[in-house]
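Only one structure is covered here, and it is reproduced in the block below.
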Ligand SMILES: NC(=O)c1ccc[n+]([C@@H]2O[C@H](COP(=O)([O-])OP(=O)(O)OC[C@H]3O[C@@H](n4cnc5c(N)ncnc54)[C@H](OP(=O)(O)O)[C@@H]3O)[C@@H](O)[C@H]2O)c1
């Protein structure tokens with residue numbers, strides 16, 4: 001296995017830890033997907049983000065085994081889809097994820113999306129609370145929850161999610177959600193951390209910082225996440241970019257650079273994205 005730097009970790013409020021950067025696995029599938037995930041593990045990633053809806057949990061488990069890394073050195077995070085929010089459905093869903101992954105426990109399991117129109121996310125949360133007690137899931141969290149959704153599950157169970165995985169990137173910096181997470185002791189995890197199709201890789205504030213620091217625009221964006229305290233999960237199928245995206249702990253943006261990058265954000269009061277991954281009916 002290649003030499004790589006150790007990734008800093010965040011301590012979660014349940015006592016567990018997560019690496020400060022994870023690896024997004026959507027839409028990696030099949031043999032090429034396994035290859036990309038093995039190469040990510042070789043590059044040093046120690047958190048793989050999957051979901052029932054990505055239909056690649058089998059590939060994630062296979063990549064973990066092919067990497068030869070000890071199970072306890074790699075964290076696997078998966079997600080409960082909206083159609084599995086009933087209590088028994090949620091328990092069966094997590095067991096199904098474990099079967100496909102070929103694992104005895106998942107390190108982190110999230111409710112993928114609150115599906116407020118179905119209004120069963122509190123039930124789904126109760127199931128995850130019990131699955132954590134049973135040891136099938138080490139840590140539990142949510143994704144795409146608003147402040148109101150967070151309030152409801154915490155009031156109902158007294159259990160605070162360790163993370164809320166939300167869309168977060170320079171064009172959608174989510175200051176209100178980040179402050180709410182800080183108040184509640186929730187770690188912000190960022191999906192589409194680059195901004196995907198709208199990645200601001202050519203914006204002057206990003207390229208100027210990249211030239212000053214001798215790094216790439218992608219590294220500047222990921223360093224912006226790190227300095228905000230956000231845990232990004234970039235996806236790349238390219239081994240060079242995989243390595244580059246982890247190599248963001250040896251340089252620092254100035255406060256002015258961080259603020260200038262945040263000001264690329266558009267506050268139009270709705271989700272910026274539109275990725276099929278977050279469709280409510282799933
Ligand atoms: N919870 C949710 O609802 C939700 C929703 C969406 C996504 N997610 C999760 O978040 C992960 C990441 O999100 P994402 O894949 O949408 O977006 P992303 O990681 O922000 O962007 C991925 C794209 O950026 C490119 N890229 C990666 N590193 C780069 C670099 N250094 N320079 C230039 N381009 C670079 C990749 O291309 P190459 O592969 O060619 O490098 C890929 O096209 C997903 O894989 C998934 O695990 C969760």
Inter-part gap, Cα centre of the stretch 170-197 to Cα centre of the stretch 1-79, in whole angstrom, is 21 Å
By what distance, in whole Å, do the Cα atoms of the stretch 74-175 stretch along each of the three principal axes, largest value first?
37, 29, 23
Can you put 23, 251 in order, fewest other beta carbons within 10 Å first?
251, 23
Considering only C-alpha atoms, what is the centroid distance from the stretch 132-160 to the stretch 228-254, in Å?
28 Å
Mean Cα-pair separation over length for the stretch 35-105, i.e. relative contact order, pairs under 8 Å, 6 or more apart, %:
37 percent
The stretch 166-230 - Rg (one decimal) and Dmax (whole number), Cα, Å:
12.3, 37
For the chain, what does the relative contact order come out to in percent, with C-alpha contacts under 8 Å and a separation of six or more?
18 percent
For the residues 84, 225, 109, what sequence is obtained by ranking on other C-beta atoms within 10 Å, fewest first?
84, 225, 109
Equivalent ellipsoid dimensions for the stretch 4-58 as semi-axes, Å, which come from the Cα gyration tensor, largest first
23, 15, 6
Value of relative contact order over the stretch 43-151, rounded to a whole percent, pairs C-alpha under 8 Å and six or more apart
26 percent
Evaluated at q = 0.08, 0.10, 0.16 Å⁻¹: base-10 log I(q)/I(0), Debye formula over Cα of the chain:
-0.31, -0.48, -1.29
Connecting C-alpha atoms closer than 10 Å in a GNM of the chain, tell me which of 38, 159, 76 has the biggest fluctuation.
159
Over the Cα atoms, compute the radius of gyration (one decimal) and Dmax (the largest Cα-Cα distance, rounded to a whole number) for the stretch 87-245, in Å.
17.7, 54
Please list log₁₀ I(q)/I(0) at q = 0.09, 0.13 Å⁻¹ for the stretch 1-152, using the Debye equation with identical point scatterers on the alpha-carbon positions.
-0.28, -0.57
GNM result for the chain, Cα springs below 10 Å: residue of 138, 71, 178 fluctuating most strongly:
71
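Readers should treat all values here as calculations from the given coordinates under stated rules, not as data from a laboratory. In this text, all values refer to a predicted model and were calculated from it rather than measured experimentally. As a convention, Cβ positions derive from the backbone with ideal geometry for all residues, glycine included, and neighbour counts pool all protein chains shown.
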